[in-house]
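Below: the structure, in structure tokens.
The values are calculated or read from the model by the stated rules, or taken from the named source; none is laboratory data. These numbers come from a predicted model, not from an experiment. Every residue, glycine among them, receives a Cβ derived from its backbone with ideal geometry; neighbour counts consider all protein chains shown.
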Amino acid sequence: MRPEALNSLFVEVDALDGVGPKLRRPLEKLGLTRLRDLAYHLPDRFVERRAVENLDDAGVGENIIVALTVREHRAPAGRGPFRVIAEDVAGNVCTLTYFGRASYTARKLLPVGETRWIAGRLDQYGQMLQIVHPEHVAESGSALHGHLCEAVYPLSEGLTQGRVSGLVQQALKVLPEMPEWIEPGLLAKMKWPVWREALLEAHKGVNGPARDRLAYDELLANALALMLVRESNRAQSGTPLAGDGSLRAKLRLPFELTGAQKRSIAEIEGDVAQKSPMLRLLQGDVGSGKTVVALSSMLIAVEAGAQAALLAPTEILARQHHETLSRMAQGTGVEIALLTGRDKGKARESILMGLIDGSIDIVVGTHAIFQDTVSYKNLALVVIDEQHRFGVGQRLMLARKGRRTPHTLAMTATPIPRTLTLAQYGEMEVSRLDELPPGRQAIDTRVVSVERMEDVVGAIARHLETGQQAYWVCPMVRESESDDLAAAEARYAALKERFGEDIVLVHGQLKPEAKDAAMERFSGGEAKVLVATTVIEVGVDVPNATLMVIEQAERFGLAQLHQLRGRVGRGSEKSTCLLLRGQQLSETARQRLALMRETQDGFRLAEEDLELRGGGELLGTRQSGDTPFRLATLEQIQKLLPLAHDDARLLIERDGGLSGPRGEAARLLLYLFERDWGVQLLRGG
Ligand code: ADP
Ligand code: MG
């Protein structure tokens, strides 16, 4: 149950003046459903306006406040905008332009013959001065004085600045006082305001202690919740697994394990021998050999007489894993089954039986392996591939499956910097595969200007003639998913024109079956080119695909580019990655692409990307999914996360956890940031 002190913050936005069903949707799109969300909806930037006597004093493009007298209303002929023709004191004519419904309000606010004060951006349209959708219209100049400097909020379609800021103001009016959850010494040292003041302040400026404090709150909530997971995990009882090595000895691998693989397996073996369940993350770049580590871990469980499961994010990956594992484990006598949502009828039942009677040792599958209808004789280890697709909530759900909590090994290929590892997986121990298997060929990476598109297409043609395949990754048009799709479809059509039917398109809005079918055509070699938005399945393995083109590469994060590039370079042939760049490139963008050319070490790329972005222009434009945070920027994460982590640890280990006055406050914090699974665990455990 959420503490009462927070009730007013969790009131639905409908309760506010002026919010009806029509506004709900655009608000929801921004994640604004409760007053809390509005209070935390912080401005991106601020506009500075200048009050001018007349338009001769103002420059085109400038944000101004000016008095204008309305001369005429011009209703549109057909679908054009509604225009209000107005004049300043010097007789300069300026048109106020309104599109769509806004014209109704305009008629009312701007009666012919009256003088009004207008705030907006002065533009030029042909010879005509105009202001499109003035942001404010008032009867007196003093009414606009408060708008000389004004917050600019992130919007979605159907919302205006005025609307959003009005709603935000309403939410801020009812902010309760909160007890302090930050350690007093830290609060004083950082000169941070108390929570309520910080929120009020944060709507008046984009930098400074108020913003830092709010970000810190978020980081602390996260660190605390993860720490609670860890604590509660320690209190659970799992099955101590002592493998005798007999099955692992039967593995006939065509290679020597790398040092990093041996070390990771030893770490895992140490963990699973304990009574408290393992929570370990195996971090390893694409191609670093995580699969064999997963298999060895699962064999430990089987040697100890228990079962293991491997959970993959998609069916196609589950199938690939099943194949690889079965091949590797040939000769061990271990029974490995595949279970996906697609299995129905007899086949499914016989797998379910095998899991119950223990004749199946290892099961590989999608979420289907954890449905309520699936029972295990003795499931003792769960391996989760591509961890980042699963939130902590899901991780917990898995952990609750058996009578005893299974050991969990999560695997991720996303190279994230150390600070972010802490933020995202703070509850886990980490093993890193920081050494690639020997004999890997470097991927020849080149940065090519988009002006040379024709050459690139020609290069693909030559490439296909050799019988090899290629990926084409479409640009990320960050603004909206449908734009991404449009860009991908256009590229697909163009390439199809050139290369015929041997091309498939994969994007996020395809039905899973259609996506799988397309992927299968490509991995089976039937399709020669795979055109994709960024959704190329993590882990897809088509060794014959040895060329990758990435459009507008400068728009991607380095970690993302690195992951994409990891799809090639998997076979014996030399692979190439062409990074297409726009004509205009900032210095940082140039450096980032140069770095891609220079190194294939994912961890190095991740660290340096953080550096570059931390210092550079990309800071503001966060990519969704970059971090698990809404408020904290990368810079703040770097600066504040270690503090939050230590603070959380002290609270739990020294200051009595969530009991005691500061603990009570911290509990509020967890609910405030909806990390309340931390609290629930504590109760359950
Ligand atoms: P990941 O899942 O980490 O991306 P995989 O487990 O798929 O990587 O391994 C990539 C490739 O490297 C596979 O073909 C695998 O057989 C091979 N491999 C794994 N470990 C070694 C090793 N120690 N030496 C040589 N090749 C290896
Ligand atoms: Mg893998």
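Among the candidates 330, 307, 283, which residue alone is surrounded by 19 or more Cβ atoms within 10 Å (Cβ to Cβ), within 16 Å of ligand 1 (Cβ to nearest atom) and in contact (Cβ under 8 Å) with a residue 60 or more places away in the chain? Spell out the reasoning first.
Values: 330 fails: surrounded by 19 or more Cβ atoms within 10 Å (Cβ to Cβ); 307 fails: within 16 Å of ligand 1 (Cβ to nearest atom).
The match here is 283.
For the stretch 236-280, give me each residue that is modelled with pLDDT of 95 or more, aliphatic (A, V, I, L, M) and crowded, with 21+ Cβ neighbours inside 10 Å.
241, 247, 265, 268, 272
Could you check the stretch 96-166 for strands (runs of 3 or more DSSP E) lying wholly inside it with 2 or more residues that are farther than 22 Å from residue 20 by Cα and in contact with a helix residue (DSSP H, G or I) (Cβ under 7 Å, 6 or more places away or on another chain)? Steps first, answer last, please.
Values: elements: 115-125, 128-132, 136-138, 149-152.
Answer list for the stretch 96-166: 115-125, 136-138, 149-152.
One residue is enough: does the stretch 332-339 have a residue meeting the conditions farther than 18 Å from residue 408 by Cα, in contact with a helix residue (DSSP H, G or I) (Cβ under 9 Å, 6 or more places away or on another chain), within 15 Å of ligand 2 (Cβ to nearest atom) and among the β-branched types (Val, Ile, Thr)? Please lay out each step first, then the result.
As a first pass, look at the stretch 332-339 and keep what is farther than 18 Å from residue 408 by Cα: 332-339.
Right, trim to in contact with a helix residue (DSSP H, G or I) (Cβ under 9 Å, 6 or more places away or on another chain) and you get 332-339.
If we keep only those that are within 15 Å of ligand 2 (Cβ to nearest atom) as well, we get none.
Checked the stretch 332-339: no residue is farther than 18 Å from residue 408 by Cα, in contact with a helix residue (DSSP H, G or I) (Cβ under 9 Å, 6 or more places away or on another chain), within 15 Å of ligand 2 (Cβ to nearest atom) and among the β-branched types (Val, Ile, Thr).
May I ask you to say which residue of 219, 159, 175 is surrounded by 21 or more Cβ atoms within 10 Å (Cβ to Cβ) and more than 16 Å from ligand 2 (Cβ to nearest atom)?
On the way: 159 fails: surrounded by 21 or more Cβ atoms within 10 Å (Cβ to Cβ); 175 fails: surrounded by 21 or more Cβ atoms within 10 Å (Cβ to Cβ).
219 is the lone residue from the list that is surrounded by 21 or more Cβ atoms within 10 Å (Cβ to Cβ) and more than 16 Å from ligand 2 (Cβ to nearest atom).
Just one of 246, 288 is within 13 Å of ligand 1 (Cβ to nearest atom) and touching an Asp or Glu at 6+ places or on another chain (Cβ under 8 Å); which is it?
On the way: 246 fails: within 13 Å of ligand 1 (Cβ to nearest atom).
Just a single option satisfies the conditions, and that option is 288.
Identify, from the list 210, 223, the residue that is under 30 Å from residue 13 (Cα atoms), small (Gly, Ala, Ser) and free of Cβ contacts under 8 Å to residues at least 60 places away in the same chain. Full working, then the answer.
Working: 223 fails: free of Cβ contacts under 8 Å to residues at least 60 places away in the same chain.
That would be 210, the only listed residue that is under 30 Å from residue 13 (Cα atoms), small (Gly, Ala, Ser) and free of Cβ contacts under 8 Å to residues at least 60 places away in the same chain.
If you go through the stretch 292-304 one residue at a time, how many are within 12 Å of ligand 1 (Cβ to nearest atom) and touching a strand residue (DSSP E or B) at 6+ places or on another chain (Cβ under 9 Å)? Walk me through how you get there before you give the answer.
Taking the stretch 292-304 and keeping what is within 12 Å of ligand 1 (Cβ to nearest atom), we get 292-296.
Still in the running and touching a strand residue (DSSP E or B) at 6+ places or on another chain (Cβ under 9 Å): 293-295.
Within the stretch 292-304, residues that are within 12 Å of ligand 1 (Cβ to nearest atom) and touching a strand residue (DSSP E or B) at 6+ places or on another chain (Cβ under 9 Å) number 3.
Check every one of the strands (runs of 3 or more DSSP E) wholly within the stretch 503-598 and list those with 1 or more residues that are touching a residue at least 12 places away in the same chain (Cβ under 8 Å) and of a type in the set (Gly, Ala, Ser). Don't jump to the end; show me each part of the working.
Details: elements: 503-506, 529-532, 545-550, 576-581.
By residue number, 529-532, 545-550.
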